[in-house]
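The structure follows.
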Amino acid sequence: MAAGSPAPSAPAQSGAAGASALPGASSTSAPLQGNAEAVTPPRLVSLGRFGRFLLVGGVATAVHYVTAFLLLRLAGWPAVQASATGFVVGAMANYALNARYTFGLRGQHAHHLPRFAVVAGMGWLLNAAGMWGLLRAGLHPYVAQPVVTILVLFFNFLLNALWAMRPHRPDSGQFPG
């Protein structure tokens, strides 16, 4: 192969010469140069990624609220239906923006979207259970909701980063998960 030509789907090697990171990786080839991401996989959890997750969540919440408001005020929908529809539209915006902007995914939505929906559903259940527990413990709803929101935020971020939005390579030979 000519110098500078990209290697066809070669597995990344560890930094140590001769030690392979994945089964089937050549122990005689030199570490890849000029492509740091091929040598060092991207960090799944980072402060910058968490900041983007927060920003996207704010935008998705605004989409939810604006949709609900428009359906309620301009279209005359009942409040519950307007809010439920706003939630779905906001969730779609949340997925699209997080997939692209926060986690850098390109395609493979058939793999990531169902996982995102599972995490969102689990977050919804955690929110309901947390509110129920904190209210039974005597906290005021205005105190309980921010506490629960912070817990659900970290839960959602970690599950999305480590599972739902984790880059998927079906041909990598790695155990899917």
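The values are calculated or read from the model by the stated rules, or taken from the named source; none is laboratory data. The model shown is predicted, which means the values in this text are computed figures rather than measured ones. Positions of Cβ are backbone-derived with ideal geometry, glycine not excepted, and every protein chain shown enters the neighbour counts.
Out of the residues in region 132-156 meeting the condition of being modelled with pLDDT of 85 or more, out of contact with any helix residue (DSSP H, G or I) (no Cβ under 7 Å at 6 or more places or on another chain) and under 27 Å from Ala99 (Cα atoms), tell me which one is surrounded by the most Cβ atoms within 10 Å (Cβ to Cβ).
Among those that are modelled with pLDDT of 85 or more, out of contact with any helix residue (DSSP H, G or I) (no Cβ under 7 Å at 6 or more places or on another chain) and under 27 Å from Ala99 (Cα atoms), it is Leu153.
Let me ask you something else. So Ser83 clears everything in (1) of a type outside the set (Lys, Arg); (2) over 16 Å from the mean Cα position of the chain (by Cα); (3) assigned to a loop (DSSP other than H, G, I, E, B) except one condition, right? Which one?
Single failed check for Ser83: (3).
Within region 25-48, restricting attention to residues that are small (Gly, Ala, Ser) and in a helix (DSSP H, G or I), which residue is modelled with the highest pLDDT?
Here is the first cut: in region 25-48, the residues small (Gly, Ala, Ser) are 25-27, 29-30, 34, 36, 38, 46, 48.
If we keep only those that are in a helix (DSSP H, G or I) too, we end up with 36, 38, 48.
Details: Ala36: 47, Ala38: 47, Gly48: 81.
For region 25-48, the residue satisfying everything is Gly48.
When you look at Phe87, is it touching a His at 6+ places or on another chain (Cβ under 8 Å) and among the hydrophobic types (A, V, I, L, M, F, W, C), yes or no? I'd like the intermediate steps shown before the answer.
Working: touching a His at 6+ places or on another chain (Cβ under 8 Å): yes; among the hydrophobic types (A, V, I, L, M, F, W, C): yes.
Against the criterion (touching a His at 6+ places or on another chain (Cβ under 8 Å) and among the hydrophobic types (A, V, I, L, M, F, W, C)), Phe87 qualifies.
A further question follows. Being in contact with a helix residue (DSSP H, G or I) (Cβ under 8 Å, 6 or more places away or on another chain) and either free of Cβ contacts under 8 Å to residues at least 24 places away in the same chain or within 11 Å of Met165 (Cα to Cα) (or both) is the filter here; which residues of region 118-131 pass it? Steps first, please.
Within region 118-131, the first condition is being in contact with a helix residue (DSSP H, G or I) (Cβ under 8 Å, 6 or more places away or on another chain), and the residues that meet it are 118-120, 122-123, 126-127, 130-131.
Result: Val119, Gly130, Met131.
Check Trp77 against each of (1) surrounded by 15 or more Cβ atoms within 10 Å (Cβ to Cβ); (2) of a type outside the set (Ser, Thr, Tyr); (3) modelled with pLDDT of 85 or more; (4) in a helix (DSSP H, G or I) and name the one condition it does not meet.
The single condition Trp77 does not satisfy is (4).
Which count do you get for residues in region 97-111 that are more than 9 Å from the chain's Cα centre (by Cα) and modelled with pLDDT under 90? Even if it seems obvious, please write down each step before you answer.
Step one: of region 97-111, the residues more than 9 Å from the chain's Cα centre (by Cα) are 97, 100-101, 104-111.
Retained after the next criterion (residues that are modelled with pLDDT under 90): 100-101, 104-111.
The qualifying residues number 10.
Being in contact with a Ser or Thr (Cβ under 7 Å, 6 or more places away or on another chain), surrounded by 11 or more Cβ atoms within 10 Å (Cβ to Cβ) and modelled with pLDDT of 85 or more is true for just one of Gly90, Gly51, Gly57. Which residue is that? Break it down stepwise before answering.
Values: Gly51 fails: in contact with a Ser or Thr (Cβ under 7 Å, 6 or more places away or on another chain); Gly57 fails: in contact with a Ser or Thr (Cβ under 7 Å, 6 or more places away or on another chain).
Going through Gly90, Gly51, Gly57 in turn, the sole match is Gly90.
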